[in-house]
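Take a look at the structure set out below.
The values are calculated or read from the model by the stated rules, or taken from the named source; none is laboratory data. Every value quoted in this text rests on a predicted model; they were computed, and no experiment measured them. Quick reminder, even Gly has a Cβ in these numbers, built from the backbone with ideal geometry, and neighbours come from all protein chains shown. Note: areas computed on protein heavy atoms with side chains; ligands, DNA, RNA excluded. Shrake-Rupley method; radii C 1.70, N 1.55, O 1.52, S 1.80 Å.
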Amino acid sequence: KCSGVLFHSAKLEGIVKFAQLLEVNGGDEGKGKLVDILARDYDMVGRFNGGANAGHTVHANGVKFGFHLLPCGVLYPRTHNILGNGVVMHFPTMLEEIKQVEAAGITCRDRIFVSDRAHIVTQAHIEADGAQERSRGSEGIGTTKRGIGPTYTTKMMRIGLRVGDLLHWDSFVHKYDRVVDFFEHAYDLKIDRATELDGFQKLSREIRPMIVDTVYLVNKGLNDGKRLICEGANALMLDVDYGSWPYVTSSSTGVAGISSGLGIAPSKIESAIGVVKAYTTRVGAGPFPTEIIGGIGDHLQTKGQEVGVTTGRKRRCGWLDLMVVKYTHMINNYTSINITKLDILDELDEVRIGVGYMLDGSPIYTMPSNLEDLSRVQVQYETLKG
């Protein structure tokens with residue numbers, strides 16, 4: 001009753017060696033729950049993109065866990081949890097989540113592995129994120145203000161801090177100062193460098209055993225016959241290339257992000273499970289063709305408890321949009337689909353499904369690349385009995 005699940009039987013039996021879970025629409029579709037269910041049968045669970053802007057809620061043994069950074073497999077005693085090179089690391093968040101897990105009596109530190117190539121989120125990144133959002137005024141993107149975008153920015157500018165830099169302290173301090181100099185100048189910030197550097201030095205001793213070459217670790221595991229499942233952050237409609245740009249996240253959220261974010265050849269991926277809610281939700285600004293304002297939209301928000309785990313913001317709600325599902329399938333090539341929250345529609349007399357778009361009186365067959373066209377599409381609906 002809680003969710004309708006459509007699986008190819010082989011995937012349900014969990015016989016594939018390398019599977020990935022990707023949300024289909026705008027995120028918040030329940031992949032955390034599914035990863036938690038499937039992770040018990042896997043040796044490794046990997047994150048390949050994003051950072052503490054993700055939000056996964058998992059209930060286990062009567063305890064509610066809210067994960068923003070740690071993979072859900074951390075709750076299983078034998079599962080190794082990998083944060084790949086495509087992730088941006090906010091270590092205070094990771095350590096808080098570790099304490100949450102340890103408070104439930106689960107030992108996990110020796111099962112967490114962080115890529116030495118992953119980039120580090122600093123206080124300067126976080127404050128720059130807020131400054132950028134404020135500068136946009138009414139055109140704000142609606143970021144989580146967790147420093148994600150600015151961290152990927154310094155990565156692409158080749159001035160960022162990588163996790164492996166923590167193993168070489170003098171070099172780390174020099175690179176840290178370079179990052180902070182940039183943001184203080186660009187956004188008129190003032191960062192307490194001494195306090196943050198002291199925290200990083202203590203942190204480097206605490207997490208040193210977790211810092212590894214995850215590219216080698218994951219590929220060796222696969223070559224040795226171990227099984228890997230990957231969980232992404234966000235969804236394809238928030239992908240930096242394929243989403244409703246600029247109302248997107250700052251990383252590759254689809255199948256391509258797995259190869260670049262964990263260092264695994266695409267040919268090794270055996271299964272791509274798309275997770276899609278029975279209705280559509282979105283956090284933040286941007287066009288939303290099937291959005292329902294008030295009425296049923298409010299019912300879906302309340303009944304479905306549609307509040308962001310990371311931000312606490314209410315999610316915008318609308319009808320299921322099959323144009324989005326088809327578009328993301330074209331890019332991710334799902335081998336299975338998991339449909340969640342069907343029961344939230346139980347009380348409705350009618351259920352509408354968006355099956356196509358019209359633009360300027362003519363049907364279109366793909367997703368508009370610009371906001372101007374996407375905001376003008378007319379959705380073609382099919383109406384079904386509730």
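Dividing the summed -39500 (n - 2.57) terms of all DSSP H runs of n ≥ 4 by the residue count of the chain sets its mean residue ellipticity at 222 nm at -9500 deg cm²/dmol. The tail of the calculated P(r) for the chain, taken as Cα-Cα distances beyond 42 Å, holds 11 percent of the pairs.
Take the Cα of TRP169, step 7 Å toward its Cβ, do the same at GLU372, and the gap between the two points is 5.6 nm. For LYS226, the lysines whose Cα falls under 20 Å of its own Cα, not counting residues fewer than eight places away in the same chain, are LYS11, LYS17, LYS268. Between the listed residues LEU22, GLY361, VAL58, the Cα displaced farthest toward the positive end of the dipole of the chain, a dipole computed from Cβ unit charges relative to the Cα centre, is found at VAL58. Taking the inverse of the mean 1/r over every pair of distinct Cα atoms in region 41-166 gives a Kirkwood hydrodynamic radius of 15.4 Å.
Taking ARG111, ARG227, ARG158 in turn, the Gaussian network model of the chain (Cα-Cα springs below 10 Å) assigns the largest fluctuation to ARG158. Shown are MET44, MET358, whose ranking by accessible area with a 1.4 Å probe and every protein chain present, most to least, is MET358, MET44. If the chain linking VAL63 and ALA194 were pulled fully straight, counting 0.36 nm for each residue of separation and taking away their Cα-Cα distance, it would gain 43.4 nm.
Separation of region 103-177 and region 247-280, taken as the distance between their Cα centroids, equals 21 angstrom. Heavy-atom accessible area for MET157, with the other protein chains in place and a 1.4 Å probe, reaches approximately 80 Å². Counting only protein heavy atoms and using a 1.4 Å probe, the accessible area of ASP198 comes to about 70 Å². Residue farthest toward the positive end of the dipole of the chain, with Cβ of Lys/Arg at +1 and Asp/Glu at -1: which of SER135, THR153, VAL35? It is VAL35.
Of the listed residues ASP241, ASP188, ASP41, the order by accessible area with a 1.4 Å probe, largest first, is ASP188, ASP241, ASP41. Across the cross-link table entries LYS99/LYS190; LYS303/LYS385; LYS155/LYS175; LYS64/LYS145, which are compared at the Cα atoms, the separations over 22 Å belong to LYS99/LYS190; LYS64/LYS145.
Accessible-area rank, largest first, for TRP319, TRP245: TRP245, TRP319, with all protein chains present and a 1.4 angstrom probe. The length gained on full extension between HIS185 and SER362, counted as 0.36 nm times the residue separation minus their Cα-Cα distance, comes to 58.8 nm. In the chain, if the dipole is taken from +1 on Lys/Arg beta carbons and -1 on Asp/Glu beta carbons about the Cα centre, which of VAL283, PRO71, TYR187 is farthest to the positive end? Projecting each Cα onto the dipole axis, the largest value belongs to PRO71.
For region 95-135, the Kirkwood hydrodynamic radius from C-alpha pairs, put into Stokes-Einstein at 37 °C and a viscosity of 0.692 mPa s, yields a diffusion coefficient of 253 µm² per second.
Here is the list for region 165-222: trypsin sites (Lys or Arg not before Pro) lying in DSSP coil, each with at most 12 other C-beta atoms within 10 angstrom of its C-beta, are LYS190.
The Stokes-Einstein estimate for region 128-201, based on a Kirkwood radius over Cα pairs and taken at 25 °C with 0.890 mPa s viscosity, is a diffusion coefficient of 183 µm²/s. Projected over every direction and averaged, the convex hull enclosing the alpha-carbon atoms of region 61-107 yields 3.4 nm².
Across all C-alpha atoms in region 248-386, the radius of gyration and Dmax reach 16.3, 48 Å.
Taking every Cα-Cα distance in region 142-278 and sorting them into 5 Å bins from zero, the calculated P(r) comes out as 2, 8, 14, 16, 17, 16, 15, 8, 4, 1, 0 percent.
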